[in-house]
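What follows is a short report on a single structure.
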């Protein structure tokens, strides 16, 4: 994975995490938390999405971008759910 592919995963991951946080306020982790969880999800989603979505579309870059955004949103929601469950305990 070169630097361009990495950035094509991480930047959409940050955006996906922050957009998900804005849409689902009760799971939001704040700007920094949404961004950090988005980076983690973007890295994971971009790696997996680059393979799965990229082979379907014929472009690994499209897979990295889509997978990064989706992965960032998913990880942000999962971390938000865990945080909310721990706050109740």
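A short reminder: the numbers here are calculations on the coordinates, not readings from a lab. Since this is a predicted model, take the numbers as computed values, not measurements. Cβ atoms come from the backbone with ideal geometry, glycine included; neighbour counts cover every protein chain shown.
Specify the residue with the greatest mean-square fluctuation among 51, 35, 59, computed from a Gaussian network of the chain linking alpha-carbon atoms under 10 Å apart.
Ranking 51, 35, 59 by mean-square fluctuation puts 59 first.
Here are several values of Rg and Dmax of the Cα atoms in Å: (1) 13.2, 47; (2) 12.9, 38; (3) 12.7, 41. Which one was derived from the coordinates shown?
(1)
Round to the nearest 10 and give me the degree value, 0 to 90, for the angle of helix 3-23's Cα axis relative to the longest principal axis of the chain.
The angle comes out at about 30 degrees.
For the chain, what is the mean residue ellipticity at 222 nm derived from helices alone (per DSSP H run of n ≥ 4: -39500 (n - 2.57); sum divided by total residues; nearest 500 deg cm²/dmol)? Show your work: numbers first, answer last.
Working: 3 runs with 78 residues, N = 89.
The helix contribution divided over the chain gives -31000 deg cm²/dmol.
Which angle between 0 and 90 degrees, to the nearest 10, do you get for helix 60-88 versus the longest principal axis of the chain when only C-alpha atoms count?
Helix 60-88 and the main axis of the chain meet at about 10 degrees.
Show me the ranking of peptides 66-75, 40-49 by mean Cβ neighbours inside 10 Å, starting with the highest. If you can, show how the numbers build up before the last one.
Working: 66-75: 26.8, 40-49: 24.2.
Averaged packing, sorted descending, gives the order 66-75, 40-49.
So how much slack lies between residue 32 and residue 88, counting 0.36 nm per residue of separation and subtracting their Cα-Cα distance, in nm?
On the way: separation 56, 0.36 × 56 = 20.16 nm, distance 2.25 nm.
Result for the pair: 17.9 nm of gain on full extension.
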